[in-house]
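The structure appears right after this line, and notes come after that.
The values are calculated or read from the model by the stated rules, or taken from the named source; none is laboratory data. Everything numeric here is computed off the predicted structure, so don't read it as measured data. No Cβ is skipped: glycine too gets one built from the backbone with ideal geometry, and neighbour counts run over all protein chains shown. For accessibility, only protein heavy atoms count, side chains too; no ligands or nucleic acids. Shrake-Rupley method; radii C 1.70, N 1.55, O 1.52, S 1.80 Å.
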Amino acid sequence: MKKTIKSGVSIMISLMLLSSCKSKSGTFSNVSERPNIIYINVDDLGWKDVGYMGSTYFETPNIDKLSKEGMIFTQGYAAAANCAPSRACLMSGQNTPRHGVYTVSPSTRGNPKTRKIIPTPNTDHLTNNMVTMAEMFKMAGYTTGTFGKWHVTKNPLNDGFDVNIGGDHRGNPGREGYTAPYNKLPNLELAPEGENLTDRLTTEAINFIKQNKNKPFFLYLPFYAVHTPLMGKVELIEKYKKKGESGGQDNPVYAAMVENVDINIGRLLSELDKLNLSESTLIVFTSDNGGIRSISRQTPLRAGKGSYYEGGVRVPYIVKWTNKIKAGTTNSTPIVNMDFFPTFMEILGLDLPDKILDGKSIIPLFKGENIDERPLFWHFPIYLAAYNESEDDGRDPLFRTRPGSTIRYKNWKLHHYFEDDGLELYNLDNDLGERINLAESNPNKTQELYKILDSWRKEVQAPIPSERNPEYDPNFRN
């Protein structure tokens, strides 16, 4: 079903408070031909789960090679700390209060006796009237395909994709995991027994490239790996068992999954070379959120998936665009996955005047230039129970996330929690692990960031839950 862009009241807000972006047709000069675009979105891959980011445990030679051919973003973020909202933000170009996808339902995670307030109800999927990134590419005449985890609506074919292999509403491959026969994933029902899911998705993506090599394409490759259930190839698991722990990373099954993703990215890049498409293809490599801390620690980052400390939202990023982005460069500008909607829109030369975007085109960064410093916002009026009370390293052992909001502006980060109106202020330059709360010792900076955060919440009409939970028991202990 084709969607139309619906007109709405324009939200006027200062650049300081919101980096809403409208593209101007033709603003990115010297692009004689529109590039093919491949967006690789690995599931639950942590910031340091790749070699080029400093891991000595995981072996990722193909991803490391890609990092030398493109630009590394060392301060790249996901717009949310878990799967569904991060992907909804990516595909819509909008922050969570605009679409209401805050988590994988329900928002009432954890024991009700430990939740002080009633969280905001969650929205499971993007609505039909939401114009997606894939639909934008269709407007520009691209052929579009998605291969893997969709998790944003029930069927990506209704949201701008011409081809869908393996994607629906689900967030993981189910009990059958990564070995065929799969759990009725779309267009994978007849997979030969014993086939590996990551291998198959890559094969399908390569076939899509071959079929569309003579016309522009948008290939979205959201691997189900390295999401649980942890299942790796036997020979790779044995390899990492022999290797042993390094830097707090020591899970051989998870490492086997990471390396298999790397092997398949190598297959994809090799095919682009064979088809002489490498120079005409822009490639993004990233993760949808931080890694699970009990599986792979991201030291010095605190916590992991589901938390709004750095370990839950900071993710690896590489962007390669031959002859447009200088190879082997590193950029420390904070970016977020919502930035890619306006970035791609500018590359395509499109102008979508009624489409509100919460990211900012990062094309100047590709050119070695700067973008204006701007605040980044996260809003999560929900609860996410802890994975492992002794391992998660969150604000308290019961939850990865309690309802609240977060702002990062320049080198400062402020957390605001709704249950107790608690504030935590960190200087990321000096305290990347978010251990030293400066909210009381630096009240001026705390209030400065709080005012920016609160103004943004009002502008986007972010819900702030406050109703007390009648089931809450302050004396209850799990």
Practice task
Please work out if Gly148 is in contact with a Leu (Cβ under 6 Å, 6 or more places away or on another chain), closer than 21 Å to Val313 by Cβ and open to solvent by less than 10 Å² (accessible area, probe 1.4 Å).
Solution key: no
Problem - Pair list, Cβ under 9 Å, 6 or more apart: the range 442-453 residue within 10 Å of Leu425 (Cβ to Cβ), other residue open to solvent by 70 Å² or more (accessible area, probe 1.4 Å) - result: Thr446/Glu440
Handout entry: Every residue from the range 185-230 that is farther than 30 Å from Leu348 by Cβ, touching a residue at least 60 places away in the same chain (Cβ under 8 Å) and of a type in the set (A, V, I, L, M)
Key = Val226, Leu230
Exercise for the section: Look at the range 92-118 and say how many of its residues are more than 27 Å from Pro342 (Cβ to Cβ) and assigned to a loop (DSSP other than H, G, I, E, B). Expected result: 9
Fill in the blank from the handout: Residue hits (the range 221-230; more than 24 Å from Asn207 (Cβ to Cβ) and touching a strand residue (DSSP E or B) at 6+ places or on another chain (Cβ under 7 Å)) are none
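State yes or no: is Gly166 within 22 Å of Asn82 (Cα to Cα) and either of a type outside the set (Val, Ile, Thr) or free of Cβ contacts under 8 Å to residues at least 24 places away in the same chain (or both)?
So Gly166 fits the description; yes.
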Completion exercise
Considering the range 396-422, residues that are without any contact (Cβ under 8 Å) to a residue 24 or more places away in the chain and within 20 Å of Arg297 (Cα to Cα), and then whichever is least open to solvent (accessible area, probe 1.4 Å), we arrive at Asp396
Exercise for the section: Can you work out which of the residues in the range 50-65 that are among the aromatic types (Phe, Trp, Tyr) and crowded, with 20+ Cβ neighbours inside 10 Å is nearest to Val284 (Cα to Cα)? Expected result: Phe58
Fill in the blank from the handout: Note: among Ser466, Ser405, Ser455, just one is assigned to a loop (DSSP other than H, G, I, E, B) and not aliphatic (A, V, I, L, M), namely Ser466
Handout entry: Matching entry among Thr114, Thr74, Thr103, Thr123 (being of a type in the set (Val, Ile, Thr), surrounded by fewer than 17 Cβ atoms within 10 Å (Cβ to Cβ) and at pLDDT 95 or above)
Key = Thr74
Handout entry: From the options Leu357, Leu425, Leu350, Leu384, residue that is part of a loop (DSSP other than H, G, I, E, B) and either in contact with a strand residue (DSSP E or B) (Cβ under 8 Å, 6 or more places away or on another chain) or surrounded by 21 or more Cβ atoms within 10 Å (Cβ to Cβ) (or both)
Key = Leu357
Problem - Looking only at the range 329-347, and only at residues there that are in a helix (DSSP H, G or I) and among the β-branched types (Val, Ile, Thr), the one that is surrounded by the most Cβ atoms within 10 Å (Cβ to Cβ) - result: Thr343
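Given the criteria open to solvent by less than 20 Å² (accessible area, probe 1.4 Å), at pLDDT below 95 and in contact with a His (Cβ under 9 Å, 6 or more places away or on another chain), does Pro173 qualify?
The answer is yes for Pro173.
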Exercise for the section: Considering every residue within the range 363-373, establish whether at least one is open to solvent by 10 Å² or more (accessible area, probe 1.4 Å) and at positive phi. Expected result: yes
Completion exercise
Out of (1) under 25 Å from the mean Cα position of the chain (by Cα); (2) not in a helix (DSSP H, G or I), the one Ile436 does not meet is (1)
Exercise for the section: Answer yes or no as to whether Tyr142 is open to solvent by less than 20 Å² (accessible area, probe 1.4 Å), of a type in the set (Phe, Trp, Tyr) and in contact with a Gly (Cβ under 9 Å, 6 or more places away or on another chain). Expected result: no
Completion exercise
Of the residues in the range 259-290, those that are over 18 Å from the mean Cα position of the chain (by Cα) and of a type in the set (Gly, Ala, Ser) come to Gly266, Ser270, Ser278, Ser280
